[in-house]
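Take a look at the structure set out below.
The values are calculated or read from the model by the stated rules, or taken from the named source; none is laboratory data. Note that this is a predicted model, so its numbers are computed, not measured. For neighbour counting, all protein chains shown are included, and Cβ atoms are generated from backbone atoms with ideal geometry for every residue, glycine included. Calculation scope for accessible area: heavy atoms of the full protein, side chains included, ligands and nucleic acids excluded. Shrake-Rupley method; radii C 1.70, N 1.55, O 1.52, S 1.80 Å.
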Amino acid sequence: MKLLKLGRTFKEGWTIFVRNSWLSVATVSVLFLSLYVIGATLLTGMVANELIGNIEKNVSIGVYFKPDIDESRIKEIENEIKNNEDVSSVEYVSKEQALDKFSNDNKDDPVIADALNEIGENPLLSSIIVKAKDQKKYGQLVDYIESNFSEEMNNINYGKNKDVIERLGKIVATVRKIGIILGAVFISIAILITFNAIRLSLYVRKREFDVMRLVGASNLYIKAPSIFEGMFYGFFASVLAIIAIAGTAYSGLPLIQGLISRNDVINFYLSNFLVISGSILVAGLLVGVVSSMIAIRKYLKA
Amino acid sequence: MPNIKFVKVEKNYQDNKFNALQNINLLIKQGEFVSIVGKSGAGKTTLTKLIYAEEMPTEGDVFYGKRNIKDIKKKHLPYFRRNFGTVFQDFKLLPQKTVFENVAYALEVIGSSTDAILEEVPKILSMVDLLEESDKYPNQLSGGEKQKVALARALINRPDVIIADEPTGNLDYISSLEIIKLLLKINELGATIILATHDEAIVNKAGKRVITIEDGKIVGDQVKGKYVI
């Protein structure tokens, strides 16, 4: 019997949703906009995290040696650094390998090729590339290398990457803050508008509630269609928001293609589809249901 | 079917400034047809509302059988009200539902099966002579027809008591007579009928017990009464 009543109230909720079509369109639109902002913020945050993670993976310390330091000494230093417990890998790059790579990277630039020919000898330095096990340990490792091998070292480059990461981190944090504030503002507006739309639709049906109570309908039986009505607002707004965010990911975000490990932002979106769309759907349904539950309380004294 | 009993009932509104009912003592036996008459504002509607617990007495007790309405928990009120069928002057039909759906709604809320609804509703609609209007909406019906739909909805659950509050207030004389005939027929089938009205013609036509109220007090109670104020 409960199932039968549930089915009937569901159908009733749908009828109200369709019957008040303009009110439904207005409510769904506002709720959709709010959910879109929240969803887009969520997606941006996830992509930014992926991006930062990817850059962090490529962070390393480049230790460049003076030209008069021979290869055997560099190898010794390499082994010593390898033994440090914070180090994940150490790679030796000879000056010849460095020149090959530099020439290869700039093979289309005749100015650089001419400059190298002019110099006549290899101007690059031998180096080792050090990677830490933990991103937080880079500072300590730089201190360790500088204090132990300063005599052999020409220079060490870590500061540049550090600045880039810190700047990126700040940008992402700001984007997140703006997203959260905008999302909170939009969701508050959405709750207010959904709440008022439902209240308006309930006000129109105020007399009907009296009739329902007179024929012996329980409060829950009267309430349920309005709760379903709120659910429909939330559901349709969420579906629209999910489609719009997919569209945004498809058309806008490929700008950062290649910067993240999964090549394709759409792939990234699809692999995180459940998290993003699930969050939007839950948020939409919650706003719809909670708004209608609050709105109907006023009309249901026994 | 239970009796309805009022014991020293007082009903006040506006922080006791307005006494709608004063010292009401009344027994309505099961299966009776009772007309409650009086001028507008005399207290007829308040008295009927106390029976189906739409209002609670300020003092005294109202019993339905052995149940004191004061003791009914709020959440049980909808179930208690299923003992009563109610009909009003303004019909109180659901405007977006057809005649069939309006009547069926009373069965839906108590969880009747679709098969039972499809069987019962046409029976009641033919009893009130509205079977052919099943698919019409309330705004397509005359006043008399609307009241018949309301009556059909009140009857569909086979309640013990039918409470009709000014059921002919918006109807012409012929339609009023039809409604009173239907109420008498329902009464013959065993239901208690409580008719609150100031329509002299239908009270006299019914020729049943008449309780007269004036300024919230019972001033007359005749077994086979006439409308006299």
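Compute the separation of the alpha-carbon centres of segment B:9-39 and segment A:27-95 and state it in Å as a whole number. So the separation of the two Cα centres works out to 85 Å.
Specify which residue in the list B:I211, B:T197, B:L125 is farthest towards the positive end of the charge dipole of segment B:124-229, using unit charges on the beta carbon of Lys, Arg (+1) and Asp, Glu (-1), about the Cα centre. Toward the positive end, the furthest listed residue is B:I211. Which FRET efficiency value, to the nearest 0.05, do you get for A:V59 and A:L192 by plugging their Cβ-Cβ distance into 1/(1 + (r/R0)^6) with R0 = 60 Å? After rounding to 0.05, the efficiency reads 0.85.
Can you give the average number of partner chain beta-carbon atoms within 10 Å of each beta-carbon in peptide B:94-102, as a whole number? Could you put the intermediate results ahead of the total?
On the way: counts 6, 4, 5, 4, 0, 0, 0, 0, 2.
Taking all residues of B:94-102 together, the mean is 2.
Solvent exposure of segment A:73-192, expressed per residue, is 66 Å² of accessible area, with all protein chains present and a 1.4 angstrom probe. Taking the dipole about the Cα centre of segment A:67-151, with the C-beta of Lys and Arg at +1 and of Asp and Glu at -1, give me whichever of A:L124, A:Q140, A:A113 is farthest to the positive side. Final value for the positive-end residue is A:Q140. Note on B:K136 and A:L274: the model spin-label points, each 7 Å out from Cα along the C-beta direction, lie 5.7 nm apart. Between A:N79 and A:D114, the modelled label-to-label distance comes to 4.7 nm, taking each label 7 Å out from Cα in the direction of the beta carbon. Segment A:188-252 and segment B:165-229 have their alpha-carbon centroids 44 Å apart.
A simple count of charges around A:K11, restricted to other residues whose Cβ falls under 13 Å of its Cβ and scoring Lys, Arg +1 and Asp, Glu -1, yields 0. For B:V87, nonlocal amide neighbours, meaning residues 5 or more places apart or on other chains whose placed amide H falls under 5 Å from its own, are B:I163, B:A164, B:D165. Carbon-plus-sulfur accessible fraction, segment B:89-221 (probe radius 1.4 Å, protein heavy atoms only): 45%.
Which residue, B:F33, B:F18, B:F91, has the most motion in a Gaussian network model of chain B that connects Cα atoms within less than 10 Å? Looking only at B:F33, B:F18, B:F91, the biggest GNM fluctuation is shown by B:F18. Each residue of segment B:72-78 was assigned a 3J(HN,Hα) from its phi angle through the Karplus expression (A = 6.51, B = -1.76, C = 1.60, θ = phi - 60°), giving 7, 5, 3, 6, 8, 4, x Hz with x at Gly and Pro.
Quick check for me: using +1 on Lys/Arg Cβ and -1 on Asp/Glu Cβ, what's the dipole size of chain A about its Cα centre, in debye to the nearest 20?
For chain A, the charge dipole is close to 3940 debye.
With a 1.4 Å probe on protein heavy atoms only, work out how much accessible surface A and B bury together, total over both chains, in Å² to the nearest 100. Mind dumping the intermediate values first?
Working: alone 17960 and 11460 Å², together 27330 Å².
Interface area, both chains combined: 2100 Å², rounded to the nearest 100.
Remark on B:R209: its backbone amide H falls under 5 Å from those of B:F33, B:S35, B:G225, a criterion applied only to residues 5 or more positions apart or on other chains, H modelled at 1.01 Å from N. Taking label points 7 Å from Cα along the Cα-to-Cβ direction, A:M293 and B:R158 give a separation of 3.9 nm. In sequence order, segment B:194-210 has phi-based couplings of 10, 10, 9, 7, 10, 8, 4, 4, 6, 5, 5, 5, 5, x, 10, 4, 10 Hz under the Karplus curve 6.51 cos²θ - 1.76 cosθ + 1.60, θ = phi - 60°, and Gly or Pro positions carry x. The H on the amide N of B:G60, modeled in the peptide plane, is under 5 Å from the matching H of B:E10, each at least 5 residues off or on a different chain.
Residue-wise HN-Hα couplings along segment A:205-218, as the Karplus relation 6.51 cos²θ - 1.76 cosθ + 1.60 with θ = phi - 60° gives them from phi, are 9, 3, 5, 5, 5, 4, 5, 4, 5, 5, 8, x, 6, 6 Hz; Gly and Pro carry x. Solvent-accessible surface of segment B:105-229, averaged per residue with a 1.4 angstrom probe and all protein chains in place: 45 square angstrom. As a calculated quantity, the FRET efficiency between A:N122 and A:V282 at R0 = 45 Å, using C-beta atoms, amounts to about 0.15.
In degrees from 0 to 90, rounded to the nearest 10, what is the angle of the helix A:95-105 Cα long axis to the longest principal axis of chain A? Long axis of A:95-105 versus the principal axis of chain A: about 50 degrees.
Take each residue of peptide A:202-211, count the partner chain Cβ atoms within 10 Å of its Cβ, and average: the result is 3. Rounded to the nearest 20, the size of the Cβ-charge dipole of the protein assembly as shown about its Cα centre is 4260 debye, with Lys and Arg at +1 and Asp and Glu at -1.
Using R0 = 35 Å, the C-beta based FRET efficiency linking B:K39 and B:A116 works out to 0.25. Against chain B, whose longest principal axis comes from its Cα atoms, helix B:173-188 is set at around 80 degrees. For chain B, the antiparallel share of DSSP beta bridges with both residues in that region comes to about 50%.
Rounded to the nearest 10 degrees, what's the angle between the helix A:21-57 long axis and the longest principal axis of chain A, both from Cα atoms, 0 to 90? Value to nearest ten degrees: 20. Per-residue ellipticity at 222 nm, computed for the protein assembly as shown from helices alone with -39500 (n - 2.57) per DSSP H run of at least four residues, works out to -18500 deg cm²/dmol.
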